[in-house]
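Down below is the structure, laid out as structure tokens.
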Amino acid sequence: FPTRRSSDLTSVRQFLNYSFIKGWVSISGNHFHMPPKGSGQKDRIISDEVLHEILNRDWGKGDFYIMRNRLILHFLIKAGLGALEICNIQLSGFTVNGSTAVLAYEGKAGKERVLVVEEGLWGLIQEYVKYRNRYLDELKIKDHGYLMVCHRGFFETTGIQALVAKIRKDLRKEGCFFDMDLLNPMSLKRTSDAKNFRGHDGRSEERRVGK
């Protein structure tokens with residue numbers, strides 16, 4: 001019995017230590033506490049180092065896939081657009097204004113929103129569109145006018161989920177210290193960059209991205 005009790009206590013202690021590492025509980029002296037409501041949110045913010053690694057790598061094989069995935073990640077991280085919003089962007093939604101552009105796109109509940117695309121991102125979009133058009137021509141895929149495409153024509157949110165899952169898997173293999181379980185399209189959308197871009201309430205009708 002003493003051996004069993006000692007083993008149980010060790011198991012409980014190991015679980016509590018693991019819970020502390022995950023941020024589920026806090027420690028004060030020799031006591032474990034549930035964290036106050038709303039705490040721990042800061043730990044869920046993806047670090048600038050991880051974001052830099054994600055944005056500056058080539059995710060995919062072939063120029064078209066690398067360019068498309070890079071643009072998706074910029075829309076997620078820099079502009080704070082959701083996966084469905086990205087998939088629904090149409091080429092006709094862009095209005096060119098010199099070296100920049102304005103994008104009208106459909107937000108939540110079908111509400112029209114406006115994104116001011118600054119020179120850096122607009123250049124990336126223009127470069128991607130060249131690869132996009134060539135890709136559709138070579139595979140003889142009908143062009144439905146959407147910015148994001150794949151071998152089936154329409155690009156769906158599952159494609160963005162698969163991209164982020166691939167990034168999560170690769171960074172985890174390399175021993176990235178960030179909790180990879182928290183890396184998903186929604187957490188990328190909610191990065192500090194995207195929050196600064198959207199403003200404090202996240203509801204501004206006109207937004208700027210890509211300086």
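The values are calculated or read from the model by the stated rules, or taken from the named source; none is laboratory data. All of these numbers come straight from a predicted model, not from anything done at the bench. Cβ placement follows ideal geometry from the backbone for every residue including glycine, while neighbour counts extend to all protein chains displayed. Calculation scope for accessible area: heavy atoms of the full protein, side chains included, ligands and nucleic acids excluded. Shrake-Rupley method; radii C 1.70, N 1.55, O 1.52, S 1.80 Å.
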Subset of the stretch 159-168, residues surrounded by fewer than 17 Cβ atoms within 10 Å (Cβ to Cβ) and over 19 Å from Ile45 (Cα atoms), comes to Ala162, Lys166
Taking the stretch 76-113 and keeping residues of a type in the set (A, V, I, L, M, F, W, C), free of Cβ contacts under 8 Å to residues at least 24 places away in the same chain and open to solvent by less than 70 Å² (accessible area, probe 1.4 Å) leaves Val102, Leu103, Ala104
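Taking the stretch 169-186, which residues are among the hydrophobic types (A, V, I, L, M, F, W, C) and either open to solvent by 100 Å² or more (accessible area, probe 1.4 Å) or more than 15 Å from Glu49 (Cα to Cα) (or both)? Talk me through it step by step, then tell me what you get.
Within the stretch 169-186, the subset among the hydrophobic types (A, V, I, L, M, F, W, C) is 171, 176-178, 180, 182-183, 186.
Scanning the stretch 169-186 gives Phe177, Leu182, Met186.
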Restricting the stretch 133-179 to residues that are in a helix (DSSP H, G or I) and hydrophobic (A, V, I, L, M, F, W, C), the one modelled with the lowest pLDDT turns out to be Leu171
If we keep only residues of the stretch 34-66 that are of a type in the set (A, V, I, L, M) and open to solvent by 20 Å² or more (accessible area, probe 1.4 Å), then the residue modelled with the lowest pLDDT is Met34
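Mind listing whichever residues of the stretch 110-121 are within 19 Å of Ala83 (Cα to Cα) and part of a helix (DSSP H, G or I)?
Narrowing the stretch 110-121 to residues within 19 Å of Ala83 (Cα to Cα): 110-117, 121.
Answer for the stretch 110-121, where residues must be within 19 Å of Ala83 (Cα to Cα) and part of a helix (DSSP H, G or I): Gly110, Leu121.
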